[in-house]
Amino acid sequence: MTDVKKYITGLIKNSLPEIDSEISFDIPKEINHGDLTSNIALVFSKKAGKKPRDFATEIINTINFDKNIISKVEIAGPGFINFFIAEDFYRNILNEILNNKSEFGKSDLNKDKTANLEWVSANPTKPLHAGHGRQICLGKAIANLLEWTGYKVTREYYYNDAGNQMNKLAESVYARYMQIIYPEFPFPDEGYHGEYIKNIASLIYEMRKDSLKDKFDDEETKEFFKTAGENYNFKIIRNTLNKLGIHHDIFFNESDLYNNGEIKNLIEEFKNRKIAYEKEGALWLRMEESEGFDKDKVIVKSSGEPTYRLPDMAYHIDKIKRGYDLILDIFGSDHGDTYKEVLYGVKKAGYDISNIKVIIHQMVTFKMGNESVKMSGRSDTSYYLDELIDDIGADATQFFFVMRGANTHLDFDIKLAKEQSDKNPVYYLQYAYARICGIFRNAENEFKELISDEFNPSILTDENEINLLKTLSRFPDEVEDSARTFEPHKIITYLNKVASDFHTFYHNNRVLDAEQPEQSKARLKLADATRIVLKNGFGIIGITAPERM
RNA sequence: GCCCAUGUGGUGUAAUGGAUAGCACUACGGAUUUCGGCUCCGUCAGUCAGGGUUCGAGUCCUUGCAUGGGUACCA
């Protein structure tokens, strides 16, 4: 499709040099409006000083289109130019799909470019919460999308192993440990309440018995509890990520930023630039009203510890220095303000932030059919991502989190996700794939003579066949569009169309028919191409392609 | 209060500023039921409200209303 656009653009620009801007194309919703439509006459009529329809007529009269590519050109409505692409063009794409297989849909749009996607980055203080799933699954799909358009992608996890939260973790584990010995031992107000803390404490007690009791004032002991909690939690987190098939290339330790002096350097930089000042024992960053801020922010507390903003800024500066063409962050909307502060700081420290893009997704609510599921972060009733995956499976988890645009609130129906029926959208899609595999198994067993490398695409003339071919041919454009906007849900919308068009074709046309060998061979190839596109699409959104269900 | 995001049939949602607003669930009516339990076709019904920009607005601007999130020397 991209090739056809280029072809038409080239012809128009050669014949009518006065058109100096981009020529944009649409795929019309209405089938009678052709395969591609352009509003160029509407857009340019004013400049040309002509009526849109007259201008459109002039354009198509000056140009001779190759009938083998463009079979018909029409002017319609207020001045749209509708192009009808020759059916042979679509039939030829069938070969392209079959030859490229798992590569079909990839482009070199961003060849030689590098991207860094940082996501998950959950603190090792607790297991991943079900709500984290949205960011996690989105990131997985977006990383895949970027790769499909040619980026070399680094998947990175910012590991928060410093700061106040880790002390709280140590205190919490210690308190649970002490409670094994003295049940009355007080639990810290701001501590982590989850069951998993008790598990860590039990493990420690098994190993060390009561040898650590009352020794929390000792730095070494405190460090021991901290490390034990951190390692335990991070193991759980990584295990959950493994279940989803997510692997990071880099785990970036926050503590490195302290050890290598980058945080200290950044403080100096702010002071030199006179945008940081001391007040009430803390260090403040001056926030400009013109940038949308209404008050200054603390970057170093009076206790001497930086707030989370400062290491975050240093971290982003580190990423900028590593020279990526694209730096991508994904956050929930609960961090919608803080990332702006971080980027502001990076900019004020003198760095170019134009390569940094931030994706913000809205929150998730979970329900079981009509019952809502409470998602308390503090109490023991938390619903963990691990439980969700165990309940509905990794594929449904990945699919449901990615199927809606990031900017809309997500109502996650656990009951629906678990259902093995056509009501469940992931089931519908995977079923289409399994069904095609079924056709091939059937062919292997009973219609071996119909399996052949040779086939005649021109036999595919049925409306349903052409329609399916047209949909399949759009796949590379859909991937590009999805990647450009970082919106993997578009792939799902598209795959639904593929499955739906396939089923319509399948319902009306028998694939395996010994009486019609030529037709069967061609239809098998069409089914194979559909299978390839479905599988490639599944790969991007991060779900498996089951051959049987 | 201020900042950000979002308001689309009964429900959940889709739509680079384009022509008749798409899909799924639900309900009802049909078709296949000889490649897999399925699947296909049809019917009912929708852009929060008011202004504005544009040849053309669900989409852009503005006001109002509603929902979610943020507004810490927590992350």
For this session: Tell me which of these residue A:399 doesn't satisfy, since it passes every other one: (1) assigned to a helix (DSSP H, G or I); (2) modelled with pLDDT of 95 or more; (3) over 18 Å from the mean Cα position of the chain (by Cα).
Result: (3)
For this session: Could you check, for the range A:536-549, whether at least one of its residues is of a type in the set (Asp, Glu) and part of a loop (DSSP other than H, G, I, E, B)?
Result: yes
For this session: Scan the range A:485-535 residue by residue and report those that are within 33 Å of the chain's Cα centre (by Cα) and not in a helix (DSSP H, G or I).
Result: A:486, A:487, A:488
For this session: Residue by residue through the range A:87-108, note down the ones that are surrounded by fewer than 18 Cβ atoms within 10 Å (Cβ to Cβ) and aliphatic (A, V, I, L, M).
Result: A:98
Exercise. Are any of the residues in the range A:368-376 open to solvent by less than 40 Å² (accessible area, probe 1.4 Å), under 26 Å from residue A:415 (Cβ atoms) and in a strand (DSSP E or B)?
Worked result: no
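Only one of A:26, A:20 is near RNA strand B (Cβ under 9 Å from one of its atoms) and either under 23 Å from residue A:96 (Cα atoms) or not assigned by TED's automatic domain parsing to the domain that holds residue A:468 (or both); which? Show your work before the answer.
Values: A:20 fails: near RNA strand B (Cβ under 9 Å from one of its atoms).
Unique residue meeting the criteria: A:26.
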Problem set entry | Unique match (being open to solvent by less than 60 Å² (accessible area, probe 1.4 Å), more than 12 Å from RNA strand B (Cβ to nearest atom) and in contact with a helix residue (DSSP H, G or I) (Cβ under 9 Å, 6 or more places away or on another chain)) among A:512, A:469, A:495, A:526 | A:469
Exercise. Of all residues in the range A:171-213, how many are of a type in the set (Lys, Arg) and open to solvent by less than 60 Å² (accessible area, probe 1.4 Å)?
Worked result: 1
Problem set entry | Answer from A:125, A:154 - the residue that is part of a loop (DSSP other than H, G, I, E, B), open to solvent by less than 40 Å² (accessible area, probe 1.4 Å) and either touching a strand residue (DSSP E or B) at 6+ places or on another chain (Cβ under 7 Å) or not aromatic (Phe, Trp, Tyr) (or both) | A:125
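Would you check if there is a residue in the range A:66-86 being more than 7 Å from RNA strand B (Cβ to nearest atom), assigned to a helix (DSSP H, G or I) and open to solvent by less than 80 Å² (accessible area, probe 1.4 Å)? Steps first, answer last, please.
Let us first name the residues in the range A:66-86 that are more than 7 Å from RNA strand B (Cβ to nearest atom), namely A:66-75, A:79, A:81, A:83-86.
Restricting the remaining residues to those that are assigned to a helix (DSSP H, G or I) gives none.
The answer is no; no qualifying residue exists.
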Seminar exercise, completed: Considering the range A:406-428, residues that are open to solvent by 20 Å² or more (accessible area, probe 1.4 Å) and in a helix (DSSP H, G or I), and then whichever is farthest from RNA strand B (Cβ to nearest atom), we arrive at A:418
Exercise. Residue check: is residue A:481 open to solvent by 30 Å² or more (accessible area, probe 1.4 Å) and either assigned by TED's automatic domain parsing to the domain that holds residue A:69 or outside any helix (DSSP H, G or I) (or both)?
Worked result: no
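Quick one: is residue A:348 out of contact with any Lys or Arg (no Cβ under 6 Å at 6 or more places or on another chain), charged (D, E, K, R) and more than 10 Å from RNA strand B (Cβ to nearest atom)?
On the way: out of contact with any Lys or Arg (no Cβ under 6 Å at 6 or more places or on another chain): yes; charged (D, E, K, R): yes; more than 10 Å from RNA strand B (Cβ to nearest atom): yes.
The answer is yes for residue A:348.
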For this session: Among the numbered conditions (1) more than 11 Å from RNA strand B (Cβ to nearest atom); (2) open to solvent by 10 Å² or more (accessible area, probe 1.4 Å); (3) in contact (Cβ under 8 Å) with a residue 40 or more places away in the chain, tell me where residue A:390 comes up short.
Result: (3)
Problem set entry | Checking residue A:111 against (1) farther than 27 Å from residue A:229 by Cα; (2) part of a helix (DSSP H, G or I); (3) not acidic (Asp, Glu), the condition it does not meet | (2)
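Please verify whether residue A:229 is crowded, with 19+ Cβ neighbours inside 10 Å and either aromatic (Phe, Trp, Tyr) or touching a residue at least 24 places away in the same chain (Cβ under 8 Å) (or both), treating the condition exactly as stated. It would help to see each step written out before you state the result.
Values: crowded, with 19+ Cβ neighbours inside 10 Å: yes; either aromatic (Phe, Trp, Tyr) or touching a residue at least 24 places away in the same chain (Cβ under 8 Å) (or both): yes.
It is true that residue A:229 is crowded, with 19+ Cβ neighbours inside 10 Å and either aromatic (Phe, Trp, Tyr) or touching a residue at least 24 places away in the same chain (Cβ under 8 Å) (or both).
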Exercise. Restricting the search to the range A:6-28, which residues are surrounded by fewer than 17 Cβ atoms within 10 Å (Cβ to Cβ) and assigned to a helix (DSSP H, G or I)?
Worked result: A:6, A:7, A:10, A:13, A:14, A:15
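Please go through the range A:311-328 and pick out each residue that is in contact with a Leu (Cβ under 8 Å, 6 or more places away or on another chain) and more than 9 Å from RNA strand B (Cβ to nearest atom).
Filtering the range A:311-328 down to residues in contact with a Leu (Cβ under 8 Å, 6 or more places away or on another chain) leaves A:311, A:313-318, A:326, A:328.
Of everything in the range A:311-328, those that are in contact with a Leu (Cβ under 8 Å, 6 or more places away or on another chain) and more than 9 Å from RNA strand B (Cβ to nearest atom) turn out to be A:313, A:314, A:315, A:316, A:317, A:318, A:326, A:328.
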Problem set entry | Tally, over the range A:243-270, of residues that are in a helix (DSSP H, G or I) and touching an Asp or Glu at 6+ places or on another chain (Cβ under 9 Å) | 6
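The values are calculated or read from the model by the stated rules, or taken from the named source; none is laboratory data. Keep in mind the model is a prediction, meaning the values are calculated, not measured. FYI the Cβ positions are ideal-geometry reconstructions off the backbone, even for glycines, and counts take in every protein chain you see. When the accessible area is computed, the model is the full protein with side chains, heavy atoms only, and any ligands, DNA or RNA have been set aside. Shrake-Rupley method; radii C 1.70, N 1.55, O 1.52, S 1.80 Å.
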